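Participant: Could you have a look at this structure, given as structure tokens, before my questions?
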Amino acid sequence: MILKILIIAAFIAVTIYIGFHTRKSARDVDGFVLGGRKVGPWLSAFAYGTTYFSAVVFVGYAGQFGWKYGMAAVWIGLGNAFIGSLLVWYVLGARTRAMTHHLRSQTMPEFFGARFSSPGLRIAAAIIIFIFLIPYTASVYNGLSRLFDMAFGIPYEWCIIGMAVLTCVYVVMGGYMATALNDMVQGFIMLFGIVAVIVAVLMKYGGFTQAMLTLSQVPSDAPGMTEMQGAYVSIFGTDLFALAGVLVLTSLGPWGMPQMVQKFYAIKSVDAIKRGAIISTLFAVVIAGGCYFLGGFGRLAAGSIEYTAAGAPVYDSVVPTMIKDIPDVLMGLVVVLVLSASLSTLSALVLTSSSTMTLDFLKGKFIREMDIKGQVVSIRLLIVAFVLVSMVIALVQYNSPITFIAQLMAISWGALAGSFLGPFLYGLYWQRTTTASVWACFIFALALVCGNMALGYPMSPINAGALAMLAGLVIVPVVSWLTPRPDAEQTSALFRESYLNLHDTKIDAD
């Protein structure tokens, strides 16, 4: 116990020191929110990767979908690496940096407002972000608190409060640079930690070969697949359609999540984006692939995990149970691993939400005169407010019907990425994209996700979220063709001036 406490104390000390050290870079809005747009490829790649993968993946998704699909869950991790990391960097990275720099937009709502000359879109996007980042934040709290409870016997409520305070301290002090530097430190901990944990768990179950052999003998309990032999070591698992839904949600989600896309605003050059893409992808292969690979062995812990009164497995208990008996040094490392993943994601969420509310909602709307100092103060105050609200939601959620981490994340990602993915992607590439198409995408995604909740989930939150994202890619071009095109001269000038330095990019007026 003393060793575990010392490891945690050292981690917290480093985290706070970095926040104190970077406070000078957070004196103006651009520095606080985007690090002055001078962030290099390594910091940007680790900031992207650690924001992407948190306790939600390690505890919630790896546990639930490793249990359901076995080794086939690794496809989700590979999709996250090559679609959610590599492809998104090459498709969105350079154009996002170029257009947001030209429009001087520091947030996603600010981009929508400037790109489509619509203050209404800017306000709507800001409200969507503030509301729907909260369930995602609650899911992060949930995942970390389960491990702290297991490792230290600390009640769930105190874990949430402690993590909220630590996040507030270093983000309020150092802003984006504090999160980016901490993300890099936390990223290396995650890389080393996930490899060590996988080795320890496999040794616990007799090594890789023996673990695979035992897993191959576990009978399937999936509907219609009960006669399948070796279901949990098969290449596509027990339900390919459901597996594809998870892959779509978690791999396409980053394309429209504001805290992810914002990393491209801050990177310093196009060359840095090319290098960052490779670093980010390798990070994702190890972390996401490793998490789902570990979760794939979840059935081996079937006799020890928690079950509901109805006899259903509590998925969020799968991974904590698997690692329960590993050596104390490794347990301390696991807690730091998940703490690293969670803090990096939380810091990105609170920074995105608070900057959005200040720059896109309060400034010029409710507070007419807000100077640079006032904006930074407002962002800092809203960071504290957002952390407090999400902390309360996490405490309430602990006793709510929405008990699984994966559900909370799916609601958040479905609403946010479903609303923003299509409009943002087409807005960067296609001049014909109209304001009406963006509104249509916002309305459809929110109606689908919220309607699904209101009706008691006739469709799983994961499939609803995936459908919202895919539908947005169709809704935007269809509505754009059916509505009057924007001013051709104005949009042509915007694209020409934004992409002046992208010599290999052809801009099609249509």
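Participant: What FRET efficiency comes out for the pair Ala244/Cys450, r = Cβ-Cβ distance, R0 = 35 Å, nearest 0.05?
Facilitator: Once rounded, the FRET efficiency stands at 0.90.
Participant: Given Thr107, Thr345, Ala73, which one lies farthest toward the positive end of the charge dipole of the chain, if we put +1 on the Cβ of every Lys and Arg and -1 on the Cβ of every Asp and Glu?
Facilitator: Towards the positive end, the residue furthest out is Thr107.
Participant: Here is a follow-up. Neighbouring Cβ atoms within 10 Å as the yardstick, rank Ile323, Ile278 fewest first.
Facilitator: Ranking Ile323, Ile278 by Cβ neighbours within 10 Å, fewest first, gives Ile278, Ile323.
Participant: Give the range of the longest stretch in the chain that excludes all trypsin sites (Lys or Arg not before Pro) found in loop regions by DSSP and having at most 10 other beta-carbon atoms within 10 Å.
Facilitator: With trypsin sites (Lys or Arg not before Pro) excluded where exposed in loops, the chain gives 105-367 as its longest stretch.
Participant: Same structure again: If you project the alpha carbons of segment 2-498 onto their three principal axes, what span does each projection cover, largest first, in Å?
Facilitator: Rounded to whole Å, the extents work out to 66, 50, 42 Å.
Participant: Using the Karplus equation 6.51 cos²θ - 1.76 cosθ + 1.60 (θ = phi - 60°), what ³J(HN,Hα) coupling, rounded to whole Hz, does each residue of segment 244-254 give in order, writing x for Gly and Pro?
Facilitator: 5, x, 5, 4, 5, 4, 7, 9, 7, x, x
Participant: In straight Cα distance, which lysines are under 22 Å from Lys263, not counting same-chain residues fewer than 8 positions off?
Facilitator: The reachable lysines, counting only those whose Cα sits under 22 Å from Lys263, are Lys24, Lys38, Lys274.
Participant: Tell me the relative contact order for the chain as a rounded percent, counting alpha carbon contacts under 8 Å between residues six or more apart.
Facilitator: 30
Participant: Suppose R0 equals 45 Å. What FRET efficiency, 1/(1 + (r/R0)^6) with r the Cβ-Cβ distance, do Ser117 and Tyr457 give to the nearest 0.05?
Facilitator: 0.75
Participant: Where the only charges are on Cβ atoms (+1 Lys, Arg; -1 Asp, Glu), what is the dipole of segment 2-498 about its Cα centre, to the nearest 20 debye?
Facilitator: In total the dipole reaches around 1240 debye.
Participant: Between His102 and Asp487, what is the label-point separation in nm under the 7 Å Cα-to-beta-carbon projection?
Facilitator: Taking the two extended label points, one gets 1.5 nm.
Participant: Would you please classify the overall shape of segment 151-190 from the alpha carbon gyration tensor, given that a ≥ b ≥ c denote the square roots of the eigenvalues, rounded means a/c under 1.5, and beyond that prolate means a/b larger than b/c while oblate covers the rest?
Facilitator: Oblate shape, in that a/c is at least 1.5 and b/c is the bigger or equal ratio.
Participant: Distance between the C-alpha centers of segment 1-78 and segment 95-124? Whole Å please.
Facilitator: Spelled out, the Cα-based centre of one part sits 26 Å from the other.
Participant: Would you please classify the overall shape of segment 72-143 from the alpha carbon gyration tensor, given that a ≥ b ≥ c denote the square roots of the eigenvalues, rounded means a/c under 1.5, and beyond that prolate means a/b larger than b/c while oblate covers the rest?
Facilitator: Since a/c reaches 1.5 but b/c is at least a/b, the shape of segment 72-143 is classed as oblate.
Bear in mind these aren't lab numbers, they're just calculated from the coordinates by the rules spelled out. Please read these numbers as outputs of a predicted model, since none were measured by experiment. For neighbour counting, all protein chains shown are included, and Cβ atoms are generated from backbone atoms with ideal geometry for every residue, glycine included.
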